[in-house]
1. Within the set of pairs 6+ apart or on separate chains, which have a first residue in region 293-305 that is touching a residue at least 60 places away in the same chain (Cβ under 8 Å), a second that is assigned to a loop (DSSP other than H, G, I, E, B) and near the ligand (Cβ under 9 Å from one of its atoms), and C-beta atoms under 7 Å apart?
2. Kindly state which helices (runs of 4 or more DSSP H) lie completely within region 38-141 and contain at least 3 residues that are acidic (Asp, Glu).
3. Only one residue in ALA215, ALA193 is open to solvent by less than 10 Å² (accessible area, probe 1.4 Å) and closer than 23 Å to VAL93 by Cα. Which one?
4. When LYS18 is evaluated against the numbered criteria (1) closer than 19 Å to ILE181 by Cβ; (2) over 23 Å from the mean Cα position of the chain (by Cα), which criterion, by number, is the only one it fails?
5. Condition test on ASN75, is it polar (S, T, N, Q) and farther than 25 Å from LEU163 by Cα?
6. Only one of (1) in a loop (DSSP other than H, G, I, E, B); (2) modelled with pLDDT under 95; (3) basic (Lys, Arg) is not met by LYS22, so which one is it?
7. Taking the stated definitions as given, is PHE223 open to solvent by 30 Å² or more (accessible area, probe 1.4 Å), away from the ligand (no atom under 13 Å from the Cβ) and of a type in the set (Phe, Trp, Tyr)?
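The values are calculated or read from the model by the stated rules, or taken from the named source; none is laboratory data. As the structure is a computational prediction, the values presented were derived from the model and not from experiment. So basically every Cβ, Gly included, is an ideal-geometry build from the backbone, and we count neighbours across all protein chains shown. Areas reflect the complete protein model, heavy atoms only, side chains present, ligands, DNA and RNA absent. Shrake-Rupley method; radii C 1.70, N 1.55, O 1.52, S 1.80 Å.
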Amino acid sequence: MVNTEKFIAKAIDEIKKKSDGKKVVMALSGGVDSSVCAELARRAIGDNLIPIYVDTGLMRKGETKKIQEVFAGLNLITVDAGAEYLEALKGVVDPEQKRKIIGEKFIRIFEREAKKTGAEYLLQGTIYPDIIESEGGIKSHHNVGGLPYNIEFKGLIEPLVDLYKDEVREVAAALNMPQEIVQRMPFPGPGLAVRVIGELTEEKVRVCREANAIAEEEIVPKFNPWQCFAAVIGRGTGVKGDNRLHGYIVAVRAVSSRDAMTAEVVEVPWDVLHTIATRITAEIPEVSRVVYDITPKPPATIEYE
Ligand code: XMP
C-alpha cells in the first residue's frame with residue numbers, strides 16, 4: 001500500500017467528480033470491498049448513494065441482519081430474493097451453470113431495483129485480483145467489472161480497482177469501519193451455492209449454513225484464517241442412535257492466503273477438528289460424516305464449485 005490516507009482522499013475526490021451531483025447506485029454484499037466502497041461514497045456524496053443488498057437466501061447465518069445493522073445509516077434497499085433463487089436453481093447440477101444462473105439472476109434483480117432509483121452512475125467494488133482471475137478464465141466470478149447491466153448508466157465508478165484484498169482491509173481500518181467488516185473473510189458472490197455440490201435444496205443450504213457457522217465459531221477466533229467454511233459435498237452412510245442414516249458429508253476447509261490466487265491449508269490441531277466434527281454431527285441431525293480438506297490451491301480451488 002502506498003499511502004492509505006492519500007488513497008482515501010483520492011477515492012473520495014474521484015467519486016465526487018465522476019458522479020457529478022447525480023445519484024449513484026451500488027450492489028452492497030457486506031463484504032469488505034463493497035463495504036469500503038459504500039463508506040467512501042457515503043463520505044463523498046452522502047444521500048446520493050443508494051446501496052442495494054440482494055438477499056439471495058444463500059448468505060451465511062445472521063448475515064442479512066448484520067449487514068442491515070452496519071449500514072443502518074444509509075439509504076439501503078434490501079431485496080428478499082431467496083425463493084426466486086431456489087426456484088431458478090431447481091435441478092441444476094453443473095457448477096458453471098449454477099454460477100451463471102446466480103450471476104444472471106443477480107443482474108436482473110439489481111437492474112430491476114436500480115432502475116427504480118433513477119441513479120445515473122454505478123459504483124462497483126471490483127479489486128485487482130477479480131480482474132486477473134476473470135481474465136485467466138479459472139471460474140466465472142460474478143462481481144467483476146463490466147457486468148452486462150441493461151441499464152443505461154452514464155458511467156462506472158470503481159475506486160478499488162488497483163488494490164489487493166489486504167490493502168482494502170487497510171483502507172477499511174483507516175476509515176474506522178467496524179472490525180466485523182475490516183476482518184470479514186471473503187465470501188463468494190454465489191454464496192453458499194458454491195459450498196453445496198450439485199443441486200441446491202432448501203435442506204442442503206440450511207445444513208451448509210449451520211455447518212459454516214460452527215466451523216467459523218471454532219476456527220476463526222483461534223487461527224484467524226484467510227477463509228474458513230464448511231461445504232456439503234455428498235452423502236454417506238452413518239449411524240445415529242439406533243438408526244442407519246444416509247446423511248450428508250460435510251467438508252471443513254480453512255486456508256491462509258494473501259490474494260486467493262494460491263492458498264495453504266491451515267494446520268488445525270486435532271482437538272479442534274474433533275470438536276468441530278462432534279458439534280456438526282450432534283447439532284445438525286442430517287449430517288453423518290465430517291472431513292477436513294487438506295488440499296492447497298493449486299491444485300484445488302478454495303471453494304468447491
Ligand atoms: P477459488 O474457489 O476460485 O476462490 O479459489 C478464490 C476466491 O474467490 C472467492 N470466490 C468468489 N468470489 N464470486 C466472488 O465474488 C465468485 O463467483 C467467487 N468464487 C470464488 C473465494 O471465496 C475465494 O476467496
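1. Hits for this filter: THR301/LYS139; ILE302/ALA260; GLU303/PRO188.
2. Helices (runs of 4 or more DSSP H) meeting the threshold: 95-117, 128-136.
3. Answer to the check: ALA193.
4. The number of the failed condition is (1).
5. It is true that ASN75 is polar (S, T, N, Q) and farther than 25 Å from LEU163 by Cα.
6. Every condition holds for LYS22 apart from (2).
7. yes
This table checks each residue for (1) of a type in the set (D, E, K, R); (2) open to solvent by 30 Å² or more (accessible area, probe 1.4 Å); (3) at pLDDT below 95.
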residue	(1), (2), (3)
ASP33	yes, no, yes
GLY46	no, no, yes
ILE52	no, no, no
ILE67	no, no, yes
VAL70	no, yes, yes
ALA81	no, no, no
LEU89	no, no, no
